[in-house]
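Some notes on the structure that comes next.
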Amino acid sequence: MTSLFDPLKLGDISLANRVVMAPLTRSRAVDGLKPGPMTVEYYRQRAGAGLIISEATQISPMGQGYIGTPGIYSEEQVAAWREVTDAVHAAGGKIVLQLWHVGRISHSSLLPDGAAPVSSTNRRANAKTFTAAGYTDVSTPRALRDDELPALVADYRHAARNAIKAGFDGVEVHAANTYLLEQFLRDSINDRTGPYGGSIANRARLLIEVMQAVTKEIGGGRTGVRLSPMTTFNGTPLDSDPQATYNYVVEQLAPLGLAYLHVIEGETGGARQPEGAKLVFDYAALRSRFPGAFLINNGFDGAEAQSLIEAGKADAVAFGRLFISNPDLARRLRESKPLNALREEGMYGGGAEGYIDYPALTA
Ligand SMILES: Cc1cc2nc3c(=O)[nH]c(=O)nc-3n(C[C@H](O)[C@H](O)[C@H](O)COP(=O)(O)O)c2cc1C
């Protein structure tokens, strides 16, 4: 029987175990929006994960939505990320970079020349973000013109190339949590006409083009993708038919030879099946359409993760909050050791506290 602690081949990436660190924004980028020395230490401490998925990292200055998040578009950022990947590899770990464009979940004060955020729509999200002025309503976006989309796809491709230059083992395209790619995908947000609006195929077009461009650049075996069909985060309603929409997306992704599909089950950071919710999403339907490895996330503990792997329901399990407070989570789960409790302080932004001061086991 397969265990959570068995090795796994994720496309071209070989993992020592199936305990994956989920992507976690920690808002500690230093000057030039690059990872600093504390971030190198933070990821080094967590190299015992079978795979680290980095915090979401913007592909371009227009892709930023929160203060202090890092980018992967400048040479300076590539050099700074190289310090992180070298540290993780020296400690025996594997790490991929999560490629991010926030779309309309942003504020003009974070964007070049105070620009409006861009999206599939010009309707504002009922959401807030962190800016220099604190917790602020997001700005009203500008709907991208169809003729601007090739440059956007090129930004993803350039960012993927930079990630490999920076020594990452691969990338994960962030198509979850209601950011740009999901703003095109869902009919609850996308109000376009033309080739990128209307039918499921049209709404999925941008994501598929991004995945084609990224895999062409760095190879499918080094590329994963994250989806969250049932998340209403950032004041974003569900698609009118999530099952049909996401089944279609996965069918289109299947021929690209991706390393993995990473699915958030239910509401990100909340219930996997909200009480009283009428819609029961069939995640196995996504898995059955996808030939690569299947990663699952959201509120799992070690025992639940182990039973999912044993039952063959997933190939690996991603843990978010448990990895914030337990740098050596894989070892603690394997040896059934107690877990450190999570503190709220230092979750987003700040210094070493709540970031690199959670203790590992000493013996
Ligand atoms: C502090 C924090 C930051 C997060 N940042 C990201 C992110 O950058 N990208 C992403 O896809 N999800 C992000 N998430 C969601 C987590 O990856 C994960 O889906 C969520 O925490 C549920 O998993 P868990 O119950 O194991 O923590 C974040 C969650 C938290 C708590």
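The values are calculated or read from the model by the stated rules, or taken from the named source; none is laboratory data. All values derive from a computational prediction rather than experimental measurement. We place every Cβ from the backbone using ideal geometry, glycine too, and count neighbours over all the protein chains shown.
Taking the conditions exactly as written (within 19 Å of Gly349 (Cα to Cα) and either of a type in the set (S, T, N, Q) or touching a Ser or Thr at 6+ places or on another chain (Cβ under 7 Å) (or both)), does Glu41 satisfy them or not? Before the answer, list the steps.
Details: within 19 Å of Gly349 (Cα to Cα): yes; either of a type in the set (S, T, N, Q) or touching a Ser or Thr at 6+ places or on another chain (Cβ under 7 Å) (or both): no.
When the stated conditions are applied, Glu41 does not pass them.
Rundown of residues vs (1) aliphatic (A, V, I, L, M); (2) surrounded by fewer than 13 Cβ atoms within 10 Å (Cβ to Cβ); (3) at pLDDT below 95, yes/no style:
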site	(1), (2), (3)
Ile309	yes, no, no
Gly320	no, no, no
Asp328	no, no, no
Leu333	yes, no, no
Arg343	no, no, no
Gly346	no, no, no
Asp357	no, yes, no
Thr362	no, yes, yes
Assess whether Gly68 counts as being under 26 Å from Ile296 (Cβ atoms) and at pLDDT 95 or above. no
Residue pairs meeting the criteria (Cβ under 7 Å; at least 6 apart or on separate chains; first over 18 Å from Thr268 (Cβ atoms), in region 282-303; second within 14 Å of the ligand (Cβ to nearest atom) and part of a helix (DSSP H, G or I)): Gly302/Leu333
For the subset of region 41-62 comprising residues that are of a type in the set (A, V, I, L, M) and under 20 Å from Ala159 (Cβ atoms), which member is surrounded by the fewest Cβ atoms within 10 Å (Cβ to Cβ)? Met62
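Does Gly235 fit the bill of being within 19 Å of the chain's Cα centre (by Cα) and within 30 Å of Val138 (Cα to Cα)?
yes
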Which count do you get for residues in region 180-224 that are hydrophobic (A, V, I, L, M, F, W, C), out of contact with any Leu (no Cβ under 9 Å at 6 or more places or on another chain) and part of a helix (DSSP H, G or I)? 3
Is it true that Asn202 is in contact with a helix residue (DSSP H, G or I) (Cβ under 7 Å, 6 or more places away or on another chain), modelled with pLDDT of 95 or more, more than 16 Å from the ligand (Cβ to nearest atom) and on the phi < 0 side of the Ramachandran plot? no
Mind checking which residues of region 195-237 are crowded, with 18+ Cβ neighbours inside 10 Å and in contact with a Ser or Thr (Cβ under 6 Å, 6 or more places away or on another chain)? Ile200, Val214, Thr215, Thr223, Ser228, Thr231, Phe233, Asn234, Thr236
Which numbered condition Met62 fails, given (1) farther than 23 Å from Ala352 by Cα; (2) in a loop (DSSP other than H, G, I, E, B); (3) not polar (S, T, N, Q): (2)
Residues satisfying the stated conditions in region 139-179, i.e. surrounded by fewer than 17 Cβ atoms within 10 Å (Cβ to Cβ), part of a helix (DSSP H, G or I) and touching a strand residue (DSSP E or B) at 6+ places or on another chain (Cβ under 9 Å): Glu148
Looking only at region 3-59, count how many residues are more than 13 Å from the ligand (Cβ to nearest atom), among the small types (Gly, Ala, Ser) and part of a loop (DSSP other than H, G, I, E, B). 8
Across region 37-65, the tally of residues that are of a type in the set (A, V, I, L, M) and either farther than 26 Å from Leu329 by Cα or modelled with pLDDT under 95 (or both) stands at 2
